[in-house]
Every structure is written in structure tokens, then in C-alpha cells.
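The values are calculated or read from the model by the stated rules, or taken from the named source; none is laboratory data. Since the model is a prediction, treat every value here as computed from it, not as a measurement. We place every Cβ from the backbone using ideal geometry, glycine too, and count neighbours over all the protein chains shown. Accessible surface areas use protein heavy atoms only, side chains included; no ligands, DNA or RNA. Shrake-Rupley method; radii C 1.70, N 1.55, O 1.52, S 1.80 Å.
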Amino acid sequence: MLLSAVCVALVLLSPTAAAAPTDDRTTAVEVSFTGVDGERLNGTVLSPTAGARDRPALVMVPGAGPGGRSELRTAAESYARHGIVTLIYDKRTTGYSTLHRDYSLLADDALAALRLLRERPGVDRTRTGMWGLSEGAWVVSLTASRSAEVSFVITAGAVGMEPARQQAWAYSEYLAHAGVSGSLPHTMQGPFTRQLVGAGLFPEADYDPVPTWQRVRQPVLAEWGTLDREAAPQESSRIIAHALRRGGNRNYVIRFVPGVRHNLNATRDHGFDRISRLPPDYSDFEAAWIERLSREQPPTSIGPAPHQQRQTRALPSPVWYDAGQVQLAALCVLAIGFAGYPLCALIRRVGKGRGRRVPSLRAARWLSGTGLAALVGMPVYLLFLALTAAGVTGPALLGRTLPWLALQLLAVAVVGATVWTGVSWWHRQGRAGRTETVRLGLLFLAGLVFVPWGMYWGLLVL
């Protein structure tokens with residue numbers, strides 16, 4: 001997307017958008033600007049109240065999700081109190097959703113925001129930079145690689161590898177912290193993540209940030225919390241530093257902030273919680289680094305990285321049974337077999353008149369019920385874990401979350417009911433009609449297919 005197509009940001013102040021103090025040291029002004037596709041974006045500029053000289057300025061870009069100004073307001077105020085003009089804005093609603101991401105488009109938005117900020121009075125146009133959190137780090141690095149109007153880059157919790165690889169690692173971190181072992185971590189990191197990517201439910205899953213970082217020429221301050229449980233800080237810092245060096249950039253600082261989590265906020269649970277509370281010294285180092293840039297180019301500095309107990313792993317190359325068509329076919333067989341048995345009985349009962357019982361095997365009823373419960377419960381639970389980034393697991397028993405343990409017990413019950421149904425059907429040969437034979441055949445087939453399906457998804461794996 002051509003940079004010349006980016007609309008020059010225009011301040012559109014409403015009658016109520018006059019400067020309003022947020023405290024004794026900062027002032028907030030509501031602004032609007034347009035992105036490359038005409039999308040109107042609303043933001044807030046926070047400025048130091050005192051002082052008349054032109055000051056450095058910063059556009060702040062949030063992490064993944066629909067969050068906007070509210071997510072970064074406290075951090076932006078902290079920067080403003082340190083003498084830095086900051087712009088925070090709401091993320092676009094067109095072209096960005098849970099299932100769709102376009103980092104190039106988001107980078108165009110960030111550049112439009114920067115151009116708005118550069119035109120404001122009191123801003124030093126030679127010191128206008130970008131700040132990005134997590135996914136926002138991918139956005140601001142793209143912006144910086146495209147435009148010299150970006151004077152410097154600050155990132156918090158930047159990820160150096162592909163999103164799918166990083167997210168699989170984060171699943172393992174949160175599950176291990178909850179005391180979960182066994183098959184669930186493997187399922188979340190492997191089959192589940194692969195299926196999300198294959199189904200197009202994991203946007204930008206294969207995005208590689210390294211080529212972009214190799215094109216960044218501006219001074220970079222890349223920071224990670226020592227308790228970052230999402231960005232794989234030891235690996236990400238090494239990857240990004242190597243990319244900058246390979247691109248010829250020797251003006252960067254790799255810093256690890258003690259005692260804070262992914263977004264550099266405080267933590268009460270070793271980085272695994274999501275409380276919103278800034279540490280007392282938040283933005284002290286960053287403001288001093290920005291101020292130093294006006295006098296000299298600070299030398300390259302790389303702090304000692306925190307120990308990373310588990311290394312990230314590339315997603316394994318898919319095999320034939322990973323294919324979406326194979327998984328869909330298995331789901332169809334399971335759904336038809338498990339649901340078809342009671343549904344067919346219901347239809348026949350209605351057809352024969354209310355109250356007329358349709359003969360059925362007790363084993364078959366057990367197989368149908370347990371099979372349906374496992375078939376529905378497993379994907380619902382895994383999707384719940386994905387939506388909460390495996391941060392909500394509940395208590396663990398025998399190294400398993402209680403829902404996963406229940407699903408595994410259901411899976412064992414399905415296998416047992418399949419054997420029971422097969423034996424009962426064999427003894428009933430010659431006494432079952434054609435319809436009953438078809439019903440039992442489909443149900444028994446579903447039970448047989450469930451075994452490899454359950455092993456693939458970890459339900460039948462210790």
C-alpha cells in the first residue's frame with residue numbers, strides 16, 4: 001500500500017473538544033483523523049500543562065483486540081507528565097476483527113496519527129516517535145520501516161516470531177502455571193493451533209516480523225518485562241536484535257524491566273494476571289532515553305534476558321490427518337452416528353403415535369449420549385481456552401483441568417460403550433429390523449472413528 005495514499009491527518013475539534021486538564025500536569029484534547037481508506041479514527045492528545053518549548057511526541061498503538069484509548073490512557077498520561085506529548089486513538093472497526101487482521105492497514109493508520117501529531121503546536125517535529133505494545137510492536141515497526149517521519153521506536157512486549165508459534169508457547173506457559181500437564185498442553189500447542197490456522201480462524205498466523213525489523217533504521221528501545229509470559233522475551237529479544245544488526249541498525253537498546261509483566265504493568269501473580277496498575281517508575285527510563293536522543297545517539301545496549309524455561313517451537317508440518325477435509329469428514333461421521341441414533345428413534349416414535357416406545361439397546365443409548373457430550377464439549381472447551389488465552393483454567397486435578405478430566409473420562413466411556421454396543425448388537429443379530437440395523441451400524445461406526453479422533457485431540461492420551 002503506497003504511503004502517498006495515506007490521508008494527511010486533520011484535527012476535527014468539536015465544540016466540546018477544548019483542552020481539558022486530566023490532572024495538574026497534563027491536558028487532554030479530543031481529535032479525529034482519517035485512515036488510508038477513509039475510516040474515521042478518534043483519539044486523544046495528552047500534553048504537559050507547563051512549558052512553552054516544543055516537546056517530543058509519541059503515538060501509542062495498543063496490542064491485539066478491540067482495545068483503544070482506554071487501554072493506554074494511564075500510560076499516555078504518565079508519558080505526558082514526563083514532558084512528552086502523546087496521542088492515543090481507538091482502533092479501527094472496519095478491516096480489523098477477531099478473525100481478520102491487516103498489519104499494513106494498521107501501520108497506515110499509525111502513520112496518519114503521527115502526521116496529525118507532527119502538525120500540532122508545541123510538538124518538536126524532529127522528535128516524533130512510535131510506541132507499540134505486543135501486536136502494536138509489529139504495527140509500529142512497519143510504520144517506521146516505511147517513513148522517515150518516525151524519529152524513534154519504542155516497543156513493549158514485542159514478539160520476534162510468527163504469531164501462531166508465539167501463541168502456542170503462551171498456552172504452554174499459562175497451562176503449566178495452572179499445574180496442567182498431560183495431553184491438554186500438547187493439544188493446545190499442536191492440533192488445536194494447527195486447525196485454527198488451517199480454518200482461517202487465526203489471522204496473520206504466519207506473519208514474520210524479521211524482514212520488517214531489518215528495514216528499521218531509527219533508534220529503537222525494545223522493552224520486555226522480566227515476567228512476560230506471552231512474548232517469549234528471551235527469544236524475541238534475540239531475534240529482533242539480530243534483525244536490527246543484520247539491517248545495519250546499531251542504534252538500539254534491548255531492556256528487560258524487572259518485576260513487570262507483558263505490558264510493563266505491575267503484577268501480583270508472577271506475570272500471569274492482567275491487573276492494570278503501572279509501577280511507580282513507569283516511563284522514567286523511556287523519557288530519559290527520548291531526551292538523550294536530542295543530544296547524542298546512545299550506544300547499543302543489550303540487558304541480560306530473563307531465563308525462559310520453555311523454548312518456542314515451530315508448528316509441525318501438517319500430515320494427512322491434519323487436513324481440514326479429513327477432520328470435517330470425521331466430524332460428520334461422529335455427528336451422524338451419535339445424533340442420528342436418538343433422532344431416528346424420535347422420528348419413528350412420533351410416526352407411530354405418541355407414547356409408542358421404539359426399541360433400542362441400552363448400550364447404544366450410552367454410546368450416543370457420551371459420544372455427543374464429548375463431541376460437543378471438546379471444541380467448546382478448547383475455544384474457551386483460546387478466547388481466554390488459557391488464562392482461565394480453574395483448579396487442576398491429577399495434572400488436568402476439571403473440564404478436561406471430565407472430557408477424558410467421557411472419551412473412555414465412549415470407547416467402553418462402543419465395545420458394549422458391538423457385543424450387544426452381535427447377540428441381537430437376526431432380531432433387528434433393517435432400520436435398526438442401519439441405526440446401529442452408523443452408531444457403531446461413529447464409535448470406531450471416535451477412537452483415532454479422540455487420540456488425535458488428546459482425549460484418549462495420558
Check: Using a simple charge model, +1 on the beta-carbon of Lys and Arg, -1 on the beta-carbon of Asp and Glu, nothing else, what dipole does segment 52-113 show about its Cα centre, in debye to the nearest 20?
Finding: 200
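Run the helix sum for the chain: -39,500 (n - 2.57) per DSSP H stretch of 4+ residues, divided by residue count, reported at 222 nm to the nearest 500 deg cm²/dmol. If you can, show how the numbers build up before the last one.
Details: 13 runs with 200 residues, N = 462.
Result for the chain, helices only: -14000 deg cm²/dmol.
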Notebook entry, point to check: What shape does segment 232-303 have by the C-alpha gyration tensor, where a ≥ b ≥ c are the square roots of the eigenvalues, rounded means a/c under 1.5, and otherwise prolate means a/b greater than b/c and oblate the rest?
Noted result: oblate
Notebook entry, point to check: On average, how much accessible surface per residue is there in the chain, in Å², for a 1.4 Å probe, leaving out ligands, DNA and RNA?
Noted result: 45
Notebook entry, point to check: What is the list of residues in segment 287-331 whose amide nitrogen lies under 13 Å from a point 7 angstrom out from the Cα of ARG238, following Cα to Cβ?
Noted result: 305-313
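Counting only protein chains, not ligands or nucleic acids, how are ARG92, ARG313 ordered by accessible area (probe 1.4 Å), most first?
Values: ARG92 10, ARG313 150 Å².
Largest accessible area first, the residues go ARG313, ARG92.
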Margin query: In segment 432-462, whose amide N lies under 17 Å from the spot 7 Å out along Cα-to-Cβ of VAL412? List them in ranges.
Written below: 451, 454-455, 458-462
Note to self: If you fit an axis through the alpha-carbon atoms of helix 163-177 and take the longest principal axis of the Cα set of the chain, what angle between them do you get, 0 to 90°, nearest 10?
What the structure shows: 70
Check: Just how large is the dipole of segment 238-382 about the Cα centre, in debye to the nearest 20, putting +1 at every Lys and Arg Cβ and -1 at every Asp and Glu Cβ?
Finding: 1180
Note to self: Please give the charge dipole size of the chain, origin at the Cα centre, charges +1 on K and R Cβ atoms and -1 on D and E Cβ atoms. Round to the nearest 20 debye.
What the structure shows: 2100
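Could you tell me whether segment 58-150 comes out rounded, prolate or oblate from its Cα gyration tensor? Rule is a ≥ b ≥ c as square roots of the eigenvalues, rounded for a/c under 1.5, then prolate if a/b exceeds b/c, otherwise oblate. Mind dumping the intermediate values first?
On the way: a/c = 2.07, a/b = 1.37, b/c = 1.51.
In terms of gyration-tensor shape, oblate.
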Item checked: Relative contact order computed over the chain (Cα-Cα under 8 Å; 6+ residues apart), in percent -> 13
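Below 8 Å between Cα atoms, with a sequence gap of 6+, how large is the relative contact order for segment 391-462 in percent? Write down the numbers at each step before the final one.
Values: 28 pairs, mean separation 26.1, N = 72.
Once divided by the residue count of segment 391-462, the mean separation gives 36 percent.
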Notebook entry, point to check: Among TRP426, VAL451, SER317, whose Cα lies farthest out toward the positive end of the dipole of the chain, if unit charges sit on the beta carbon of Lys, Arg (+1) and Asp, Glu (-1)?
Noted result: TRP426
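Averaged over every viewing direction, what's the projected area of the C-alpha convex hull for segment 404-462? Give it in nm², one decimal, please.
Details: hull surface 16.3 nm².
The number I arrive at for segment 404-462 is 4.1 nm².
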Margin query: I'd like to compare 145-158, 278-291: which one has the highest average count of other Cβ atoms within 10 Å, and what's the full order after that?
Written below: 145-158, 278-291
Check: Given the C-alpha centroids of segment 281-325 and segment 380-400, what is the distance between them in whole angstrom?
Finding: 26
Notebook entry, point to check: Just how much of ARG217 is accessible, in Å², when a 1.4 Å probe is used and the result is rounded to the nearest 10?
Noted result: 140
Check: Projected onto the charge dipole of the chain (+1 at Lys/Arg Cβ, -1 at Asp/Glu Cβ, origin at the Cα centre), which of LEU334, GLY160, ALA76 gives the Cα projection farthest towards the positive end?
Finding: LEU334
Margin query: Residues of segment 292-316 with backbone nitrogen within less than 15 Å of a virtual label 7 Å along the Cα-to-Cβ line of ASP54, please, listed as ranges.
Written below: 294-295
Margin query: Can you work out the Karplus-derived ³J(HN,Hα) for every residue in segment 283-294? Use 6.51 cos²θ - 1.76 cosθ + 1.60 with θ = phi - 60°, whole Hz, and x for glycine or proline.
Written below: 6, 4, 5, 4, 5, 5, 5, 5, 5, 5, 4, 6
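Which FRET efficiency value, to the nearest 0.05, do you get for HIS177 and TRP426 by plugging their Cβ-Cβ distance into 1/(1 + (r/R0)^6) with R0 = 51 Å? Could the numbers behind the result be given before it?
On the way: r = 49 Å, r/R0 = 0.95.
Step by step, r from the Cβ atoms, then E = 0.55.
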Check: In whole percent, what relative contact order does segment 158-306 give with Cα contacts below 8 Å and a gap of six or more residues?
Finding: 25
Next item on the list: Would you calculate the separation in nanometres between label points at ARG217 and LEU398, each defined as 7 Å from the Cα along the Cα-to-beta-carbon direction?
Entry: 6.2
Notebook entry, point to check: Cα gyration tensor of segment 190-317, axes a ≥ b ≥ c as square roots of the eigenvalues: rounded (a/c below 1.5), prolate (a/b > b/c) or oblate?
Noted result: oblate
